[in-house]
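The values are calculated or read from the model by the stated rules, or taken from the named source; none is laboratory data. On a predicted model such as this, the values are computed, not experimentally measured, just so you know. Positions of Cβ are generated from backbone atoms using ideal geometry, with glycine treated the same way; all protein chains shown enter the neighbour counts.
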Amino acid sequence: MFAVLTDLGLGVVTAREIARDRGVASRFVSNVLAMKLLASVVVILIVCALVNLVGYASLTVRVVYICSLFVLGSAIASYYCWVFQGFERMSYVVVIRVAQAALPVAGAVIMTWRGGATVERYAILYAGAWLGSALLSIAIASKRLVRPGLAFGPSEWRRLLRLSLPIGLTAMFTMFYYWNGTAFLSKFRGYEAVGVYSAAFRLAMGFAFAGLAFSGGVFPLFSRLFINDPGRSARALELALRYMVMLALPVAAFGTVFAGPVIELLYGGGYHGAVSLLRILGWWGVCASLNSLLSNFFISASRPSMVTVQTGLALGTNLVLNLTLIPATGAVGAAVSIVAAETASLFFLVVLHLRSPLHVRVLPLLGSALRTALSLSVAVLGSVLLARLGFAVGLPVGVMLYGFLLFATGGIGEGDWKILRPLVRSTDA
C-alpha cells in the first residue's frame, strides 16, 4: 500500500505531457527518476519501521523486509510504463507486464518442482520480478525512446508536484481502497480468509486487465485530442465506452458462470470458498474498467481534481462497508464492499460527465449496450448448456458465439470495423 507514495501522480502527468509534446520527455524522465529514487528509500524505511510497530510475527516481518524491495522496482517499472504510454508504444508496456508475471510464475514452478519452497523465497521472486522489469524498462527506453538521467532541480520538482498532486492523492486513495480489505480481514478473520479473498481478487484483477489496458491505451489519444480538437475527444470517449462495454461485460458474465472450474483449475479444492467471491468480484472489474476510462478522460482534460473526489468517495464507502460487513461476514463482506464502492464512484463519474460540456451522446450508447447485453445473454446461455460437455468446450464456444451475435445484431458494424482493422494490424494492438 505504501508503494504508492513513490509515484504521487508523476507517471500520469508524464504520459499526458509527452502525448501532447514529445520534446519534454527527457526533462520529465530525468527529474522524475531522481524524485522516485529518493522517495523509494524513504518509503522502504517507513515500511520496515511500521511492520515492527504493528507487532506482526517474525516471519511476516522478514517477508515484508524482502518485499519492500518491490517498492524500488515498482517505482521505476511502473513509471516507464507511463512513459511508454505517452509515446503511444503500448507493445513495450505489454513486454514489461508479461515479464512481471512470467518471472515469478516460472520461478515458483521451478522452486516447487525442485523442492525447498518457502515463503521467504517466494517473496524474493516477487521483489526480483519487479527489480528485473525495472532494468528491462530502462534498457528498452534507452535504446528506443529516451535516455535516462538524474536531475536534481528543486524548482522543477515543485512544478511537477503541483501538476501531479491531485493525481497523486487519487493514486493513494486507490491503493488503500484496493487493499484495506485484506488488512481488516487479517485482523478480524485471520490469514486464511486473506488467502481466499486475495485468490479471488487477484483473478478478478487479471480478468479486468484487458479493459484496464484498453483504458490506458486510449489515454494518450484523449490527451492529444483535448489540446488539438476537444470535440473529437468526446467522440473518442463515446467510441471507447462502447468498446469497453463490449469487452468488460462478457469477462464478468463468463467469469460468473465458470468461476467454479477456474478456481478448481488454478488453485485446487482448498480454495472452494473463493468461488462465490470471484462471482461477486467479477462485476467489480466491469465498474473498474469504466471508471478507469472516465477518469483518464477527466485527467486528459486537465480536471484531475474530479477524479480525486471520485476515488475519495470510493475509499470512504469501502472503509465504512468493510468495518460494518467484514466482522460479520468475512471475505464475502470485503467483496461486496469493494463492488459497492466501485459502483458508487462510477455513478458519480457518469453524472459528473453528463453535466460537462464535452459529454457523450447517451442514446447511441444505450442502444449499443442493449445489443451487447442481448448478444451476451444468448451466448452465456449457450455456453452453460455446452458446459455439460466440459468447461473447455462451453467457454470457447460461448465466446465465439458472443462475437458472432455482436456482428449479427449490429453491435459492431462496418464503421467499427474500419476503426478496428488498422489497430488489429498494428504491432501495438
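Screening ALA213, ALA193, ALA234, ALA171 for residues that are at negative phi, assigned to a helix (DSSP H, G or I), in contact with a His (Cβ under 7 Å, 6 or more places away or on another chain) and not charged (D, E, K, R) leaves exactly one candidate, ALA234.
The number of residues in region 96-105 that are surrounded by 16 or more Cβ atoms within 10 Å (Cβ to Cβ) and within 17 Å of the chain's Cα centre (by Cα) comes to 3. With respect to the numbered conditions (1) free of Cβ contacts under 8 Å to residues at least 24 places away in the same chain; (2) surrounded by 19 or more Cβ atoms within 10 Å (Cβ to Cβ); (3) among the polar types (S, T, N, Q), which one is the sole condition not fulfilled by SER300? Among (1) free of Cβ contacts under 8 Å to residues at least 24 places away in the same chain; (2) surrounded by 19 or more Cβ atoms within 10 Å (Cβ to Cβ); (3) among the polar types (S, T, N, Q), SER300 violates only (1). Taking region 357-372 as the range and being surrounded by fewer than 14 Cβ atoms within 10 Å (Cβ to Cβ) and either hydrophobic (A, V, I, L, M, F, W, C) or not in a helix (DSSP H, G or I) (or both) as the test, the residues that pass are PRO357, ARG361, VAL362, LEU363, LEU366, LEU370. Taking every residue in region 99-123 that is in the same structural domain as SER137 (by TED's automatic domain parsing) and pairing it with any residue that is of a type in the set (D, E, K, R) and assigned to a helix (DSSP H, G or I), at least 6 positions away or on another chain, the pairs with Cβ-Cβ distances below 8 Å are MET111/ARG121; GLU120/ARG62.
Filtering region 126-135 to residues that are crowded, with 19+ Cβ neighbours inside 10 Å and either farther than 7 Å from GLY73 by Cα or hydroxyl-bearing (Ser, Thr, Tyr) (or both) leaves TYR126, ALA127, ALA129, SER133.
Residues that are in a helix (DSSP H, G or I), hydrophobic (A, V, I, L, M, F, W, C) and within 20 Å of VAL332 (Cβ to Cβ) within region 254-265 comprise VAL257, ALA259, VAL262, ILE263, listed in sequence order. Scanning region 106-118 for residues that are surrounded by 12 or more Cβ atoms within 10 Å (Cβ to Cβ) and either assigned to a loop (DSSP other than H, G, I, E, B) or in contact with a helix residue (DSSP H, G or I) (Cβ under 8 Å, 6 or more places away or on another chain) (or both) gives GLY107, ALA108, MET111, ALA117. ILE227 satisfies every condition listed in (1) surrounded by fewer than 17 Cβ atoms within 10 Å (Cβ to Cβ); (2) in contact with a helix residue (DSSP H, G or I) (Cβ under 8 Å, 6 or more places away or on another chain); (3) modelled with pLDDT of 80 or more except (3).
For region 1-32, a tally of residues being among the hydrophobic types (A, V, I, L, M, F, W, C) and surrounded by fewer than 21 Cβ atoms within 10 Å (Cβ to Cβ) returns 5.
On the basis of being over 24 Å from the mean Cα position of the chain (by Cα) and either assigned to a helix (DSSP H, G or I) or crowded, with 19+ Cβ neighbours inside 10 Å (or both), does SER74 make the cut? Criteria not met by SER74.
For region 217-226, the condition holds for at least one residue, the condition being that it is touching a residue at least 12 places away in the same chain (Cβ under 8 Å) and under 28 Å from GLY316 (Cβ atoms). If you go through region 2-57 and pick out every residue that is at negative phi, touching a residue at least 40 places away in the same chain (Cβ under 8 Å) and part of a loop (DSSP other than H, G, I, E, B), you end up with 1.
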